[in-house]
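Notes for the one structure printed next.
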Amino acid sequence: MDIFIKSGRLINPKSNCDKIVNIGIKDGKISYIGNDDIAASEIVDANGLIVTPGLIDIHTHLREPGREDKETIKTGTMAAAKGGFTTILCMPNTFPVIDHGTLVEFIILKARREGLVNVFPIGAATRRLEGNELAEIGEMIELGALAISDDGAPVMNSGLMRRLMNYTKMFKVPVISHCEDVMLSLDGVVNEGIVSTVLGLQGIPAASEEVMVAREIILCEDTDCPIHIAHVSTKGSVELIKRAKEKGLKLTCEVTPHHFTLTEEAVLNFDTNTKMKPPLRTKEDVIAIKNAIKEGIIDVIATDHAPHSQAEKECEYGIASFGIIGLETALPLVLTELVEKEGISLMQVISMLTNKPAEIVNIDKGNIEVGKDADITIIDLNKEFLVDINKFVSKSKNSPFNGWKLKGDVFATIVNGKIVFKEGDMIKR
Amino acid sequence: MKEKINRLRNKDLISIQDLTVKEIELILDTAKAFKEISDRAIKKVPVLRGKTIVNLYYEPSTRTRISFELAAKRLSADLVNVTAKTSSAVKGESLKDTIKTLEAMQASMVIIRHSEPGVPTLISQWVDFSIINAGDGSHAHPTQALIDMFTVREKRPVFKDLKIVIVGDILHSRVARSNIQGFTKLGAKVVLCGPPTLIPKYVEQLGVLVTYDLEEAIESADVVMLLRVQFERQKANYFPSIREYSKYFGLDIDRLNNHRDILIMHPGPVNRDVEVKSEVAESSSSLINEQVTNGIAIRMAVLYLLAQRSKKV
């Protein structure tokens, strides 16, 4: 046996399992689950720790190729490993755009060579993300793309979106939609609300998101293509999604940690690390999102990890880039804000980070069972720490959580049977 | 007896929101003393001799720039005007580099105007010297609001229950935002009037009333403040035409007839016959030119008070 994880509390939502067991790993696969002691080259003492399937983030931006100054496949996967993520999906808005098979293959090969965790690309829906012509969706999926999306450059043409969904459904992968009517958000940089009113910053109304959520729901019903709504941020979106799910549509959705922890009030000092799309919303929206998590309306938690350089953030609010990084803070924020403060069960939040995202993108991961890939995250629920951006392994530091006191962190991350991160240290391959 | 203070707490003047009522009163009282200097034959006192003030403009301005310049010169400071271009985040000189350059040149104070909200807040965190906001996007224009409060106070010394009406493009107006904060702090009632497209949806949470009916707004008003209507707003379809805007929200003599004692204000520059008819702008109840005169006194007071409290000057 290669690795033996001893006496950890296994939380495996897929089988609704929550018990103290030993887990053995051999040749990159889980080879044993039980109470026996088995000899192994490496023993990990998980006594008092939580053992879960490796976390899966279906929404990251790795910036390679094109903006390697902000993040690379190597550094982005280091951040993932440190944050407990064993599998990440990266968005296609690179330079060049991931809009054809060659680029999909590039990402996968580069990640295999330099990455610390599993990386799967999301292919662009339209060429160059321009919203005019369909990209070669089939080939991208054949070569390893797990979903299709124009993400931050939403397909505004409803006719094209309908055709895209109609075409994509034969490949059985979801279309991911960043719901934003760009004619409603225009040059907006923050939520349209009392904070935008006081600060004189241009607002992005909740309607900008909700109009598009409504459109995607209608097109989902019309085309029968699975659609995944990225980063839900408003109460109105939650209500629309709830109704669509009651109808039984093939619709799933995600929220980011920042949208259930921060409100528009964080913008009051013009900190550009509070600038992202969708924008931070009101207290009422945050409460609605937390309630939706409790009710099971939200399927997954995803980071929308979006690295930006210091120069792109240390500038005028209106000019600063949209987005924040999230891989290294996501799990601690979930454990602190949802489990500790809101009393949401570990089983549920782990599910939103493991088997649920795996199901949405159809991968045989997020499940600890004999024979499955040995992707495992070990969590120390009692570790309290202060977030320090200078300790991030991501190339970028654009996080609004610097200095936050959080409880619960990653103890170790195992990817395909290899320990890549343990007790604060990245493990060299 | 009302307790008075003689110093400002903060090194910067960025927004009226940051000032206490007592600080506002201190500035207005100080300006009153300085106003008298401007009436002298020799309009100069040596209180800021040896100080270097940078008047930094990222957005064109004539009135505010000249007003600050005259204020600084009447206090014997050395002032340099700098006009700069907004750079993109990565191309050209960044805001931070520009500000750090001024710091290296040992400026004592920087007066800044910028088209982006929040710029004065941002740069005040990078340097020890005082930052004075001369207007940042639609966010704040604190000295203009101080001027307006000063001008009203000269005519109506008691603010409690005074009805101040602000008419026009509230959405894009830093002057409106600063005046809402200032006048409500001092106890006046503020009523906003304009087309709904130009009134922020959530503005009532600031403790103001909103009406879309100009007649209703000016009923029992003490002051009507008109804001400049930008022609670009028509292009963006905030209203169909200047003509139609003027029909509903332009102030003419007929509308004023029954309310002869209303004071008329405008932060300038005026679009005659759009938001206000010439005969109103030039009538005896118009305070538009007094606002300009008072501008220098207010800015002298602000420069003086910030120099007093600042460590480095």
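The values are calculated or read from the model by the stated rules, or taken from the named source; none is laboratory data. Model, not experiment: these values are computed from the prediction. A quick note on method: Cβ atoms are made from the backbone with ideal geometry, for glycine too, and the neighbour counts reach across all protein chains shown. Accessible surface is based on the protein model in full, side chains and every heavy atom, while ligands, DNA and RNA are left aside. Shrake-Rupley method; radii C 1.70, N 1.55, O 1.52, S 1.80 Å.
Pull out a ≥ b ≥ c, the square roots of the eigenvalues of the alpha-carbon gyration tensor of the protein assembly as shown, then state rounded if a/c is under 1.5, prolate if not and a/b is larger than b/c, and oblate in the remaining case. Present the calculation step by step, with values, prior to reporting the outcome.
Values: a/c = 2.54, a/b = 1.96, b/c = 1.30.
Since a/c reaches 1.5 and a/b is larger than b/c, the shape of the protein assembly as shown is classed as prolate.
Give me the Debye-computed log₁₀ of I(q)/I(0) at q = 0.09, 0.14 Å⁻¹ for the stretch B:153-303, equal point scatterers on Cα only, no solvent, two decimals.
-0.26, -0.65
DSSP loop (so not H, G, I, E, B), at most 15 other Cβ within 10 Å: list which trypsin sites (Lys or Arg not before Pro) in the stretch A:254-286 pass both filters.
none
Using the structure shown, list the pairs from A:Lys277/A:Lys397; A:Lys82/A:Lys283; A:Lys172/A:Lys247; A:Lys14/A:Lys372; A:Lys19/A:Lys172; A:Lys172/A:Lys395 with a Cα-Cα distance above 24 Å, or answer none.
Long pairs (Cα-Cα over 24 Å): A:Lys82/A:Lys283; A:Lys19/A:Lys172; A:Lys172/A:Lys395.
Just in the stretch B:36-122: which trypsin sites (Lys or Arg not before Pro) are loop by DSSP and have at most 14 other Cβ atoms within 10 Å? Each step should come with its number before you reach the end.
Values: sites: B:Arg40, B:Lys43, B:Lys44, B:Arg49, B:Lys51, B:Arg63, B:Arg65, B:Lys73, B:Arg74, B:Lys85, B:Lys91, B:Lys96, B:Lys100, B:Arg113; in loops: B:Arg40, B:Lys43, B:Lys44, B:Arg49, B:Lys51, B:Lys85, B:Lys91.
For trypsin sites (Lys or Arg not before Pro) across the stretch B:36-122 that sit outside H, G, I, E and B with at most 14 neighbouring Cβ atoms in 10 Å, the list reads B:Arg40, B:Lys43, B:Lys44, B:Arg49, B:Lys85, B:Lys91.
Report, to the nearest 10°, how far helix A:158-168 tilts away from the longest principal axis of the Cα atoms in chain A, using its own Cα long axis and a range of 0 to 90°.
Approximately 30 degrees, to the nearest ten.
For the stretch A:186-279, what is the charge dipole size about the Cα centre, in debye to the nearest 20, if Lys and Arg each add +1 at the Cβ and Asp and Glu each add -1 at the Cβ?
180
How large is the helix-only mean residue ellipticity at 222 nm for chain B, computed as the sum of -39500 (n - 2.57) over DSSP H runs with n ≥ 4, divided by its residue count, in deg cm²/dmol to the nearest 500?
After summing the helix terms and dividing by residue count, I get -11000 deg cm²/dmol.
A:Cys253 accessible area, nearest 10 Å², 1.4 Å probe?
0
Is there a pair in B:Lys43/B:Lys160; A:Lys29/A:Lys356; A:Lys70/B:Lys85; B:Lys35/B:Lys85; A:Lys245/A:Lys294; B:Lys189/B:Lys235 whose C-alpha atoms are over 23 Å apart, and which pairs would that be?
B:Lys43/B:Lys160; A:Lys70/B:Lys85; B:Lys35/B:Lys85; B:Lys189/B:Lys235
At 20 °C and a viscosity of 1.002 mPa s, what translational diffusion coefficient does Stokes-Einstein give for the stretch A:35-188, taking Rh as the Kirkwood radius over Cα pairs? Give it in µm²/s as a whole number.
In µm²/s, the coefficient is 127.
Over chain A, what is the relative contact order in whole percent, taking alpha-carbon pairs under 8 Å and six or more residues apart?
Averaging sequence separation for qualifying contacts and normalising by length gives 20 percent for chain A.
Of the residues A:Ala125, A:Ala207, A:Ala39, which exhibits the maximal mean-square fluctuation in a Gaussian network model of chain A defined by a 10 Å Cα contact cut-off?
Largest GNM mean-square fluctuation: A:Ala39.
Out of A:Val370, A:Val97, A:Val198, any idea which swings most in a Gaussian network model of chain A, alpha carbons joined below 10 Å?
Result for chain A, Cα springs under 10 Å: A:Val198 fluctuates most.
Determine the calculated [θ] at 222 nm for chain A from helices alone, applying -39500 (n - 2.57) to every DSSP H run no shorter than 4 residues and normalising by the residue count; nearest 500 deg cm²/dmol.
Computed mean residue ellipticity for chain A: -8000 deg cm²/dmol.
Which of these, B:Lys185, B:Lys163, B:Lys247, has the largest mean-square fluctuation under a Gaussian network model of chain B (Cα springs below 10 Å)?
Answer for the Gaussian network model of chain B: B:Lys247.
Positive end of the charge dipole of the protein assembly as shown (Lys, Arg +1 and Asp, Glu -1 on Cβ, about the Cα centre): tell me which of B:His172, B:Ala217, B:Ala41 has its Cα farthest that way.
B:Ala41
Quick check: with the 1.4 Å probe, what order do A:Ile218, A:Ile23 take by accessible area, largest first? Before the final figure, lay out each step's value.
Values: A:Ile218 115, A:Ile23 0 Å².
The ordering from most to least exposed comes out as A:Ile218, A:Ile23.
Ignoring ligands, DNA and RNA, please state the percent of accessible area on the stretch A:67-113 from carbon and sulfur, probe 1.4 Å. Write out the running numbers ahead of the final one.
Numbers: 970 of 1620 Å².
Result for the stretch A:67-113: 60 percent of the exposed heavy-atom area is carbon or sulfur.
Shielding of A:190-198 by partners, i.e. mean partner chain Cβ atoms within 10 Å per residue?
5
Can you tell me the relative contact order of the stretch B:142-291? Whole percent, Cα pairs under 8 Å, sequence separation 6 or more.
Working: 257 pairs, mean separation 34.8, N = 150.
That works out to 23 percent.
Give me the 1.4 Å probe accessible area per residue for the stretch A:275-429, excluding ligands and nucleic acids, in Å².
Value returned for the stretch A:275-429: 36 Å² of accessible area per residue.
Looking at the square roots a ≥ b ≥ c of the eigenvalues of the Cα gyration tensor of the stretch A:279-429, which shape do they give, rounded for a/c under 1.5, prolate if a/b is larger than b/c, or oblate?
Details: a/c = 1.63, a/b = 1.20, b/c = 1.35.
Oblate, because a/c is 1.5 or more while a/b does not exceed b/c.
Which trypsin sites (Lys or Arg not before Pro) in the stretch A:120-182 pass both tests, a DSSP loop state and at most 15 other beta-carbon atoms within 10 Å? Provide the component values of the computation, followed by the final result.
Values: sites: A:Arg127, A:Arg128, A:Arg162, A:Arg163, A:Lys169, A:Lys172; in loops: A:Lys172.
Counting only loop positions with at most 15 other Cβ atoms within 10 Å, the trypsin sites (Lys or Arg not before Pro) in the stretch A:120-182 are A:Lys172.
Taking all protein chains as present, what is the carbon and sulfur share of the accessible area of the stretch B:142-291, in % to the nearest whole number, probe 1.4 Å?
Values: 2960 of 6410 Å².
Taking all protein chains in place, the stretch B:142-291 shows 46 percent carbon and sulfur surface.
Counting residues in chain A as N, plug N into 2.2 N^0.38 Å and put the Cα Rg over that result.
Here the answer is 0.93, to two decimals.
About its Cα centre, what dipole magnitude does chain A give when the only charges are +1 on Lys and Arg Cβ and -1 on Asp and Glu Cβ, stated in debye to the nearest 20?
That gives chain A a dipole magnitude of about 620 debye.
Once A and B are treated as a pair rather than alone, how much accessible area drops out, both sides summed, in Å² to 100, probe 1.4 Å?
Chains A and B together bury roughly 1800 Å² of accessible area.
If you place +1 on the Cβ of every Lys and Arg, -1 on the Cβ of every Asp and Glu, and leave all else neutral, what size is the dipole of the protein assembly as shown about its Cα centre, to the nearest 20 Debye?
Numbers: 93 positive and 98 negative charges, 476 e Å.
That gives a dipole near 2280 debye.
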